[in-house]
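A.B. asks: Pasting in a structure now, in C-alpha cells, and then I'll have a few things to ask.
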C-alpha cells in the first residue's frame, strides 16, 4: 500500500500557503484603507496650497474683507448667488446651506447661513475650503464674515448655524448674472494625529 503521509503533508502545506496569501491580501487592503484616511486628512491643506498657487477652481479667499464704504449699490442690476456645500471623506458631518440661492444687488451686503451637524460620537474639528464659480467672479465676491475664516469644532451630536456675510463688487463683469459659492468641509485632524497615522503606514509598509 502507498503511504498517505506525503499526500497529507502536501494538503497541509497548501492550506498554509492559502492562509498566508489571505493574510497578505487582508494586510494590503488594510493599508489601502489607512492610506485613504491619511489622504483624506491631508487633502485640505494640499488643496488649499494648490488653489492659492495656481488659482484653481475659483478658490476664494479665507480671510475677511473690509467693506469699502465708498462702494455704491447698483440697484439697476441683479445677481443670483447660489450656495452649495459638501463634506469630504473622513468627516462624519452633515452640512448644507439654509438658502439655496438669493438675488442681490452688486455692492449690497447680504447675509446667508449654512447648517452643520456632527454625526460622530466624539468632538470633531472641521476645516471649510470655499470656492466661487465661474472663476472670473472670484475676484468680485467678497466675504466680510465667514465660518471658513477659522477651524470649527463640533461636539458629538451638535448642530450649529454658520453664517456668511458677503457682497458682490459692482465691477463683476456685466455678462455674469449668476455665480455659485461652494464649501468643501474637511476633517481637521490635528497635525500630531496625522503624523501618527503616517508613521503607522510607514511601519506597515516596512
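A.B. asks: What are the residues in the range 155-178 that are in contact with a strand residue (DSSP E or B) (Cβ under 7 Å, 6 or more places away or on another chain) and over 30 Å from residue 92 (Cβ atoms), if any?
C.D. replies: 167, 168, 169, 172, 177, 178, listed by residue number.
A.B. asks: Among the residues of the range 111-155, how many are free of Cβ contacts under 8 Å to residues at least 40 places away in the same chain and under 16 Å from residue 167 (Cα atoms)?
C.D. replies: The total comes to 3.
A.B. asks: If you don't mind, there's one more thing I want to ask. Could you list, in sequence order, the residues of the range 168-189 that are assigned to a strand (DSSP E or B) and within 20 Å of residue 134 (Cβ to Cβ)?
C.D. replies: Scanning the range 168-189 gives 168, 178, 179, 180, 181, 182, 183, 184.
A.B. asks: Further question on the same structure: Any idea how many residues of the range 72-98 are loosely packed, with under 14 Cβ neighbours inside 10 Å and without any contact (Cβ under 8 Å) to a residue 24 or more places away in the chain?
C.D. replies: Number of matching residues: 1.
Every read-out reported here was derived from the displayed coordinates using simple, explicitly stated rules and does not represent laboratory data. Since we're looking at a predicted model, the values are computed, not measured. Reconstructed Cβ throughout: ideal geometry from the backbone, glycine too, with neighbour counts over all protein chains shown.
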